[in-house]
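Only one structure is covered here, and it is reproduced in the block below.
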Amino acid sequence: MIKVSKTLLIIIYIMSIMFSISCSNDLEEINALTKKEDLPDIKVKGLVTEYTSGGNLKVKLKTPMAYKYLKKKGGYTLFPEGLKLTFYDSENKIHSNLTAKYGVYEEKKKMAYVRDSVVLTNVNGSVLETEELYFDEKDEKIYSVKPVKITDKGGFEISGTGGFESNIDFTVYRFTDVTGFFTQKDSAEVESENE
């Protein structure tokens, strides 16, 4: 016959109580964290894709991670780790570039939203910087309600604190609540550029 001490029985009893308490989970809480409808239908790592129209390259997308939801909100794609878009003209030359640390594209609405360190450059060398930007494909416009700064290749800087709107190519734009200033190059810089 095996003899078990009272101390050992007490330890086993306490451990079993602790185990049952620490491992109890609310089933509703677990289901809420793992709802199937909250999971993406498609998940792609290291995505590089190209969009063409009429045989011409229009846009190239690079992103470390993309989540595609087919049914939620009419279908959308989420880029939680950022993205880089390169836009091409009719001659397949780069027209503009966009980078951001986060993005969403809603297929049904033909709307894109990017945020966090957004930088957009155009064919003229102008650089737009903001914290969020919307692309409306239906109305062919880009806009933001956050402060926007645009610097052209000559150094002229213009900022809008109340809003910004542009054509889809980011070549014609307008601001509300505008401030601007020009940084003049010193004569040594101008001379070295002219040589």
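How many residues are part of a loop (DSSP other than H, G, I, E, B) and among the hydroxyl-bearing types (Ser, Thr, Tyr) when one looks only at the range 117-172?
2
Of the residues that make up the range 172-184, is at least one surrounded by 15 or more Cβ atoms within 10 Å (Cβ to Cβ) and either at pLDDT below 90 or within 30 Å of Leu39 (Cβ to Cβ) (or both)?
Yes, some residue in the range 172-184 is surrounded by 15 or more Cβ atoms within 10 Å (Cβ to Cβ) and either at pLDDT below 90 or within 30 Å of Leu39 (Cβ to Cβ) (or both).
Looking only at strands (runs of 3 or more DSSP E) that fall completely inside the range 41-116, which ones have 3 or more residues that are of a type in the set (Lys, Arg) and either under 17 Å from the mean Cα position of the chain (by Cα) or under 16 Å from Asp136 (Cα atoms) (or both)?
Because the criterion is at least 3 residues that are of a type in the set (Lys, Arg) and either under 17 Å from the mean Cα position of the chain (by Cα) or under 16 Å from Asp136 (Cα atoms) (or both), the strands (runs of 3 or more DSSP E) in the range 41-116 that meet it are 56-69.
When the range 117-129 is examined, which residues are found to be within 12 Å of the chain's Cα centre (by Cα) and surrounded by 17 or more Cβ atoms within 10 Å (Cβ to Cβ)?
Of everything in the range 117-129, just one residue is within 12 Å of the chain's Cα centre (by Cα) and surrounded by 17 or more Cβ atoms within 10 Å (Cβ to Cβ), namely Val118.
Is it true that Gly75 is surrounded by 14 or more Cβ atoms within 10 Å (Cβ to Cβ), out of contact with any helix residue (DSSP H, G or I) (no Cβ under 6 Å at 6 or more places or on another chain), of a type in the set (Gly, Ala, Ser) and modelled with pLDDT under 90?
Against the criterion (surrounded by 14 or more Cβ atoms within 10 Å (Cβ to Cβ), out of contact with any helix residue (DSSP H, G or I) (no Cβ under 6 Å at 6 or more places or on another chain), of a type in the set (Gly, Ala, Ser) and modelled with pLDDT under 90), Gly75 qualifies.
The rows are residues; the columns are (1) touching an Asp or Glu at 6+ places or on another chain (Cβ under 6 Å); (2) modelled with pLDDT of 90 or more; (3) aromatic (Phe, Trp, Tyr).
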{"site": "Ile30", "(1), (2), (3)": "no, no, no"}
{"site": "Ser53", "(1), (2), (3)": "no, no, no"}
{"site": "Met65", "(1), (2), (3)": "yes, yes, no"}
{"site": "Tyr88", "(1), (2), (3)": "no, yes, yes"}
{"site": "Leu98", "(1), (2), (3)": "no, yes, no"}
{"site": "Ser126", "(1), (2), (3)": "yes, yes, no"}
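The values are calculated or read from the model by the stated rules, or taken from the named source; none is laboratory data. Everything numeric here is computed off the predicted structure, so don't read it as measured data. Cβ sites come from the backbone with ideal geometry, for glycine too, and all protein chains shown count toward neighbours.
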